[in-house]
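Reviewing the structure listed below.
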Amino acid sequence: MNKEKVCSTGIEELDMQMSGGYPVGSTILVTGCSGSGKTTLCMQYLFDGARKNERGVFFTITEPLFKLTKNVEGFSYYDNKLIESGMVNIIDLRIISERLGLDTEKYSVEDAGSLLDILKDIANELDVKRLVIDSITALCYRLQTREMIRDFIFKLGTSLAMMNCTTLLTSEVPPQTYKFSQYEIEEFISDGILFLGDIDRRGDLIRTLQVVKMRGSAHSRTKFAMNISAERGIELMPLLKSSDFDSVLQQKVQSSLRSMDRNRERVLI
Amino acid sequence: MVDAVIEGLKERISVAIKVNQSVGIQVPENRHQDLLQALFSFMNTDKNEVWTFVTASNTYKNISENFKKIYEDKNIKFIDCISRSSGISTLEKECNYIESPTMLEKIILKIMNIFKDIEHDVEKFLVIDSLSSLVIYNDSEIVREFVSVLMNKARSYNIHIVTILIEEEVDTHKLLQMNDKIVVLRDSFIS
């Protein structure tokens, strides 16, 4: 990994937190629950790269192309010309699987290997500098055993490390959990982890983003409030610190209420 | 009597804001509308002056019904923090809406985005109406932090800031302390 060079994230505030961007050549796990903004963050990264003359490819396995395109079309960073010119490529891995004659729902070891080869070939042929796989969770879901998943993830890690591009892997986790991946292996092949979560403030969910790990970069670990809007895509602002105080207080109140309930039950008995 | 209070207020705001970066105004509930009238009248039609008005006390619809005649030719951007959370569906194009007054970081982002797009040589002003309304929806500690962050940002972008506080609604002292100047409007006089 070339530690001196960085690859801008497409989000000004995030670049500032990581001394300019992701270290070139690194693999970053973008983890969060459904609706946390993973796909938007990845797309913003690809379109930003395309504007800087860095070709990108987005491999999707969770959403059909038309649906994915429809969802990003509304953002100001989206530019159809960049898609038409081949600077941003969106590829449905399920279609490739079908063309390879693979079972699209369940992969064998060989299937996974072929898919990985195809992925590498496409990235090399297009000479991409920015790569996204959305999502590693859905990809691994098609593998049948834990050993196969582990083996596949390590092979993927090795392949990505050899490619000359900076990769974002999205990872699905259940809501309100501080966990980075479904299979708990994905983080070991990653050089960086971006954790997209949310906090509950009086019943409203506020999106958050935190850089948990970023090898080769002096980065901040501050928790940010994340806003997604059509005009500006993803924007960050340091989360007001009293939010944590609020949720700790809430937990304390809930726990003391539970203990009061228990005591009351005892008295009644 | 009302006119005299409004004129008095206009003068006090004018003097305070010229000298200070941030002005906190404490007002009794029954004088709140007079204060808004004074503020909207004080704003200039000059294009070299931009105001952003954040409302958490009244809906934008309500403000426009009551004061549009006073402010319509002035350069004001509105941010409404309560219409959406109150389930009011009539949304006006000229206003920015925030889903909920609990989304304080989003309010800061919206404010800063408005000012970022404005040229450097234009005078920038921000009104927060009101801190006491924000405290209804948030813990007072987080509202203090919100004000502190906002003031720091305002200073670095050279934005004059006016924060309003309704005296009956909260313990007023802590929230106004951060201002350079505090104007207190009582029922019949200004101190």
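Just to be sure before I move on: is A:Asp121 acidic (Asp, Glu) and open to solvent by 30 Å² or more (accessible area, probe 1.4 Å) in the structure I sent?
Numbers: acidic (Asp, Glu): yes; open to solvent by 30 Å² or more (accessible area, probe 1.4 Å): yes.
Taking the combined requirement at face value, the residue satisfies it.
Does A:Ser159 fit the bill of being open to solvent by less than 20 Å² (accessible area, probe 1.4 Å), in a helix (DSSP H, G or I) and modelled with pLDDT under 90? When the stated conditions are applied, A:Ser159 passes them. Restricted to the range B:83-96, and to residues there that are hydroxyl-bearing (Ser, Thr, Tyr) and closer than 19 Å to B:Leu36 by Cβ, the residue that is surrounded by the fewest Cβ atoms within 10 Å (Cβ to Cβ) is B:Ser86. Inspect all residues belonging to the range B:74-82 and state whether any of them is loosely packed, with under 14 Cβ neighbours inside 10 Å and either modelled with pLDDT of 85 or more or not in a loop (DSSP other than H, G, I, E, B) (or both). The answer is no, given that none of the residues of the range B:74-82 is loosely packed, with under 14 Cβ neighbours inside 10 Å and either modelled with pLDDT of 85 or more or not in a loop (DSSP other than H, G, I, E, B) (or both). Among strands (runs of 3 or more DSSP E) entirely within the range B:102-191, having at least 3 residues that are open to solvent by less than 10 Å² (accessible area, probe 1.4 Å), touching a helix residue (DSSP H, G or I) at 6+ places or on another chain (Cβ under 8 Å) and touching a residue at least 24 places away in the same chain (Cβ under 8 Å) singles out B:123-129, B:159-166.
Residues in the range B:18-31 that are under 13 Å from the mean Cα position of the chain (by Cα) and open to solvent by 10 Å² or more (accessible area, probe 1.4 Å): 1 in all.
Here's the yes/no breakdown for (1) open to solvent by 60 Å² or more (accessible area, probe 1.4 Å); (2) under 20 Å from A:Tyr141 (Cα atoms):
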{"site": "A:Asn164", "(1), (2)": "yes, no"}
{"site": "A:Leu168", "(1), (2)": "no, yes"}
{"site": "A:Val173", "(1), (2)": "no, yes"}
{"site": "A:Phe180", "(1), (2)": "no, yes"}
{"site": "A:Glu184", "(1), (2)": "yes, yes"}
{"site": "A:Arg201", "(1), (2)": "no, no"}
{"site": "A:Ser217", "(1), (2)": "no, no"}
{"site": "A:Met226", "(1), (2)": "no, no"}
{"site": "A:Ala230", "(1), (2)": "no, no"}
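The values are calculated or read from the model by the stated rules, or taken from the named source; none is laboratory data. Quantities reported herein were computed from a predicted structural model and do not represent experimental measurements. All Cβ positions, even for glycine, are placed from backbone atoms using ideal geometry, and neighbour counts span all protein chains on display. SASA here: full protein model, heavy atoms, side chains in, ligands and nucleic acids out. Shrake-Rupley method; radii C 1.70, N 1.55, O 1.52, S 1.80 Å.
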